[in-house]
Each structure stands twice: as structure tokens, then as C-alpha cells.
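Take a look at the structure below.
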Amino acid sequence: MSNPNVSVVEKNDKTYLVLNEWDGSGGIVNVTLTRGVEISSNPVVYAGVLMYGSTSIDVIEAHFSSGINNDNVQLAITLGDSGNYFTGNATDSDGAVLQYITQTMSKAPGASVNNLLTFTYTEPPAGTDIFKDVYFLTHLGTIDPGDEVDRDPH
């Protein structure tokens, strides 16, 4: 997989997917989310595994320049488990809508259900720190990335 606005970096024993604001060429970074093993049965919660190609991702970082701009970073997440689909937009660990992210659910090509979730990261105000887990809501249960998958828009 090749995209001029994304790189995979190893830091502190974790694999980071680093997304940079678009340089005008546009494009979407595609990743796959699988539900992994069941970690709770009431409610049903699965441990999530986020993949960029054949690489497992622990942390997502979205980086913006320090200048004023209207650029953004887009990340499209497809559910990799057969028969699973999104039933709602992702939330943070408190169940609240994610800040500085616009979410769109849609059908992936050839699909009959909403199994594609696209995040459009927008630049937060200077000095804003965001570092929260993201919980994905699906009809088979919540996919919880646990402590290993975080997002940092700086």
C-alpha cells in the first residue's frame, strides 16, 4: 500500500499510522478493523485489531501544519469480519461523539450494509490535546481497541 500522506512508524514498542494533512492531491487512507476475540458477553464487546495492509496498527496520529488551512486527513475503516456492519458512528471512551472528526457511514463497493466508516479529521485549535480511545459500534457488538489504539491529531 502506498500513499504519499501516510507512513508507518515504530515508536516506544508500538506501531503508529501517521496521517499527514493532504498536500492538495487528496485521497483516503484505507484500513481494516476486525473484531478479534470476545472480551465481554454482557454487553458483547470484542477486542479490535486495526490493520493497514498487513501491518497491525496500535496508534493513529493525524498531523497538521501550523498554518491556517482548510486541509484535512481522511481515514476510511472497513470491517473485515464477514457478516459484521456498523450500526452507529464511533464514540470516545465516554460514549460521546468524537471531537474534530466528521464521520460518514456508507456501503463499501458491493456491500448491502454500512460497513465503511470514514473519518475526516479537521485541525483542532492550537494547544488542544486529544488522545482518546475510539469505540466502534457494530451489530455484533462494540469493538473496543483497548489501551493500545489511540488517536492523536498532533
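List the residues whose amide H sits under 5 Å from the amide H of Lys132, counting only those 5 or more places along or on another chain, with H placed 1.01 Å from N in the peptide plane.
Close amide H contacts, sequence-distant or interchain: Arg151.
Could you sort Thr120, Thr104 by their accessible area in this structure, using a 1.4 Å probe and putting the largest first?
Thr104, Thr120
Can you list the residues, at least 5 places off or on another chain, whose amide H is less than 5 Å from the amide H of Gly88, using H built in the peptide plane?
The list, which skips near neighbours in sequence, is Leu137.
The values are calculated or read from the model by the stated rules, or taken from the named source; none is laboratory data. Predicted model only: the values in this text are computed from it and were never measured. With ligands, DNA and RNA removed, areas are computed over all heavy atoms of the protein, side chains included. Shrake-Rupley method; radii C 1.70, N 1.55, O 1.52, S 1.80 Å.
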